[in-house]
Structures are given as C-alpha cells and as structure tokens.
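Here's the structure we're looking at; comments come further down.
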Amino acid sequence: MSDWTNQLPQAARDYIGGRRLDEVECIVSDIAGVARGKAMPASKFARQTSFFLPNSIFLQTITGEWADNPTGAFTEPDMILYPDFTTATAAPWTADITLQVIHDAMNQSGEPVATAPRNVLKRIVQLYNDRGWQPIVAPEMEFFLVARNIDPNMPVMPPMGRSGRRAAGRQAYSMSAVDEYGKVIDDIYDFAELQGFEIDGILQEGGAGQVEINLAHGDPVRLADEIFFFKRLIREAALRHDCFATFMAKPIEGEPGSAMHIHHSVTDIATGRNIFSDAKGQETDQFLHFIAGMQTHLPGAVALLAPYVNSYRRYVPDFAAPINLEWGRDNRTTGLRVPISGPEARRLENRLAGMDCNPYLGIAASLACGYLGLIEGQTPRPECIGDAYMNETDLPYNLADALDLLDEDAALREVLGTEFCQLYDSVKRNEYKEFQQVISPWEREHLLLNV
C-alpha cells in the first residue's frame, strides 16, 4: 500500500485488505447535505495532495437551481479541497473497491470556506474549545422505508414486508415489525461494520416502516460525518431490497415525522468533568444557562433544523414532535427534554431537529444556541411538568417565517458566521419561492370548482 493508505482508519485498511483499491470519491457536503465532489482512480488520487471544486456548489438548491450570490458576482472561483484521511471509509455497495474521503474546503488564501457546512460546525466547536469546553453530542436518526415511488404525483406508501403485507404504523418498539424488513436492517448493519461505524441500537418507531438508529455519543464533527455517511449507506441498503429509504421530515400523511434528536452535554477540557453536574452530582447553573440559550435562540435556529417546506408539517401536536420550547425532565411532550441519567451523563435532548436537516448544520445550530446560553447566563422558563402540547407554540409555522427569525437573531448569526447566514438565506428563499409556484392536489380538489 502507498504512503497515504497508511494514514487510513483501521476499518478502511481492513476493507481494502490485500486487494487493489480501484477508486476514491473526494466529497464534501453541500447545504442540503448532499455529497458533492469527484470520483477518480486510486492511482490518480495518490499523486495529488489537493483537489478543486467551484464554491458555487453551496449556492445550489435542493431542486438543482442556483440561488443568487449574496456577496456579489457569480464568478465561481475554485475552492481547494484537502483530504481528511480520518474520515476515509468504504463504499461497500459498489462493484469495485472504493473509498469515500471527506475533504476540508479552503479558499485560495488558505482560510476555511465560511459557507461549507462542515466548516460551520468546526467553527462552533472551536468557540467551545476557546472557553475550555468540549461539546459532546449523541444523535438519533429516524427515517422511513417506503415502497418505490417513481411518480411524484402519487402518495408515498409503506413498503411490502416479508409477510406480503404493507408495514403497519402504531407498532413502536415491535420486534416483529422490524423483522418485516429484516434484510434491509441486516445490510445496514453489514455496511456500518465495514465502514467502521458503531450503532448503539435499531428499533421500530411509531410510523409505518419507520426506523430509528441511535449512535454512541462523541465529538460533534465526527458524528456529523457519520450521519452524512449513514444517510447514503441506508439508501443503498434499501435499494438492494426494492424499496426506498427517505429522510423527509413528513413523507406520509397521517404518520409521525422523522426527527434527528440531538443529546447535548459539555465537558471541561482540563478535568474531563461534565459541566452540567457539580461535585455533589446536582445540576449546575451552567446547565440551566444552556437550556435558557436554547429557549432564547432556537426560534432563530429552526431554519437550519427544519430546512424545507415539508419540515413544518412535522410540528403538530400528539405526533411525537414538539410544538414549543418548553423544557422538562423525562417529558417527551417538550421540545427540550432532560433524560434520566447519572450526574456524569447529565444532558439535554433537543427534539426539534428534523432528519431532513444537514447534520453539520443541525448540530452546529443546536450547539450555537447552547453556547450563547452559557455566555449570556440567562435563566430558563420554569420547567413544564405536564403536557407541553397544551401550551402555546414557540415555533415558526413555515420556512419563510423561520428565515425571518434567523435574520432577526444577531447573536446567533454572528456565532454561525454572517457570510454563511447570508448564503443560507439566499438558498432557502429561492427554494421557498419555487415551492410557492407549485399548485397542490388540495388546491385542485377544493378550489377548482368551489370558489
């Protein structure tokens, strides 16, 4: 093996084994979380130390259109991409021996590209590190396995299970329900093992064909990388068995939506101590400040946690999704939940993020709110003891309102980076404008002949 392959993680080296490496995919995440980049023969990859892509990939919308460049002319200068070999992982579904490598995006002056989602998350983590803190996250991934849908005009349907019947909803935690599509789950496990990823658990969620995967807690950038990879491997596993995997926030009418719940804790770098617990194991003021930061700044961050028009269909009462920013201990009706734990594992669960969010941006936005809370030192509202669905909503009703709230939160924009926020606003307002031009079946059904 060449010198660069000696830098690979053990799982990647084990995957190659004694075989010839055929191809390397040089990738970065765009604003939507789509992998963009280049695939090349491994022999060519070995001869280069950097690669080039135009920075305009961050202006591309989910529909493939191009948003206006908020900083000026659309000149598309090249970024310089440097491989982060710690991210190298197999692409085990390919016919040949292929590795995927996430790259760091730098401008031609050698500075991190401010609009690259992975750099946005690194920026937030560095703000914590500068204060002597290390943020820890543990994400949960929810998604649906659905029947192949090749006509966008047709509703999404649950997949056919091994019994010959379509997957049924309201079967949360049912082992039999998971077994209905056990071959897909088996491939997910196999792909994850070959890629060196640790799965904490897989379970059936409340929706028809809805699955949840829990990941072990750890460094935010590493876990965002894993979710970025996981979305692709799950889609590939589903396609092997004649179904689709979707990470839409609300793909099926009448079923729950899919969330990316994010558990947060913060440790002191010098001591390794969880700053949310004191020497006696009690909650610290910093824990309450972190919650207050979430309550204060999450309204502005929702545009990143719920990035599409479909995302806001998830925020409805009694469908396992929050409608406000109440907080409570072991209370799943609240947007901010304190799970049962020992003092060393005390954490806050942010239940707002949808699985449709870019994992880098979703985690970055959530961490940014907590960071501002620690800096501002505010006190949260009183704990919600009962059903939070009985309280008023704190959340925007649509993407346009969410973008307005982000625009109004100067502190959050400064932490995330003004240049990034301007670009994100341009991309998302372009998407919203395109959506507003579509006439829906509801409008044709109820308005065509009745108004």
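The values are calculated or read from the model by the stated rules, or taken from the named source; none is laboratory data. Here the structure is a predicted model, which is why all the values come from computation and not from measurement. Glycine gets a Cβ as well: all are built from the backbone with ideal geometry, and neighbour counts include every protein chain shown. For accessibility, only protein heavy atoms count, side chains too; no ligands or nucleic acids. Shrake-Rupley method; radii C 1.70, N 1.55, O 1.52, S 1.80 Å.
Residue by residue through the stretch 152-168, what is 3J(HN,Hα) from phi via Karplus (6.51 cos²θ - 1.76 cosθ + 1.60, θ = phi - 60°)? Round to whole Hz and write x for glycine and proline.
x, 7, 9, x, 6, 10, x, x, 7, x, 5, 6, x, 10, 5, 4, 9
With the cut-off at 1.5 for a/c, could you classify the stretch 292-372 from its C-alpha gyration tensor as rounded, prolate or oblate?
Since a/c reaches 1.5 but b/c is at least a/b, the shape of the stretch 292-372 is classed as oblate.
Apply the Karplus parameterisation 6.51 cos²θ - 1.76 cosθ + 1.60, with θ equal to phi minus 60°, to every residue of the stretch 266-271 and state each ³J(HN,Hα) to the nearest whole Hz, in sequence, with x for glycine and proline.
9, 10, 7, 4, 5, 10
Per-residue ellipticity at 222 nm for the chain, helices alone: DSSP H runs ≥ 4 residues times -39500 (n - 2.57), over residue total, nearest 500 deg cm²/dmol?
Helix-only estimate at 222 nm: -10500 deg cm²/dmol.
For K250, go through the aspartates and glutamates and keep the ones whose alpha-carbon is under 17 Å away, minus same-chain ones fewer than eight residues off.
Answer for K250, where 17 Å is the Cα cut-off: E140, E142, E205, E212, D318, D356, listed by chain and number.
Could you give the DSSP H helices of the chain that reach 24 angstrom or more along their long axis (alpha carbon positions) and whose average Kyte-Doolittle hydropathy is no lower than 0.0?
Membrane-span-like by this rule: 220-239, 285-305, 359-376.
Would you mind computing, in nm to one decimal, how far apart the modelled labels at E344 and T63 are, each placed 7 Å from Cα along Cα→Cβ?
In this crude spin-label approximation the distance works out to 5.3 nm.
S163 versus A147, label points 7 Å from Cα toward the beta carbon: distance in nm?
So the two model labels end up 1.7 nm from each other.
Measure off, as a whole percent, the carbon and sulfur share of the 1.4 Å-probe accessible area of the stretch 203-282, all protein chains present.
50 percent
If contacts are Cα pairs under 8 angstrom and at least 6 residues apart, what is the relative contact order of the stretch 324-371 in percent?
21 percent
In a shell of Cβ-Cβ distance under 9 Å around T63, excluding T63 itself, what net charge do Lys and Arg (+1) and Asp and Glu (-1) give?
Spelling it out: positives minus negatives among the neighbours equals -3.
Take the alpha carbon atoms of the stretch 311-354, find their center, do the same for the stretch 77-121, and report the distance between the two centers in whole angstrom.
Answer, in whole Å: 32.
Rank-order 224-233, 199-208, 335-344, 435-444 by packing density, defined as the average count of other C-beta atoms within 10 Å over each peptide's residues, highest first.
The packing order, highest mean first, is 224-233, 199-208, 335-344, 435-444.
Could you order peptides 76-85, 303-312, 425-434, 157-166 by the average number of other Cβ atoms within 10 Å of their residues, highest first?
In descending order of packing, they fall as 303-312, 425-434, 76-85, 157-166.
Quick one: grab the alpha carbon gyration tensor of the chain, order the square roots of its eigenvalues as a ≥ b ≥ c, and give me rounded if a/c is under 1.5, else prolate or oblate depending on whether a/b is larger than b/c.
rounded
Place a point 7 Å from Cα of Q378 in the direction of its Cβ. Which residues in the stretch 270-301 have their backbone N less than 16 Å from it?
286-301
Could you order the peptides 97-107, 255-265, 269-279 from most to least packed, using the average number of other C-beta atoms within 10 Å per residue?
Packing order, densest peptide first, comes out as 255-265, 97-107, 269-279.
About its Cα centre, what dipole magnitude does the chain give when the only charges are +1 on Lys and Arg Cβ and -1 on Asp and Glu Cβ, stated in debye to the nearest 20?
680 debye
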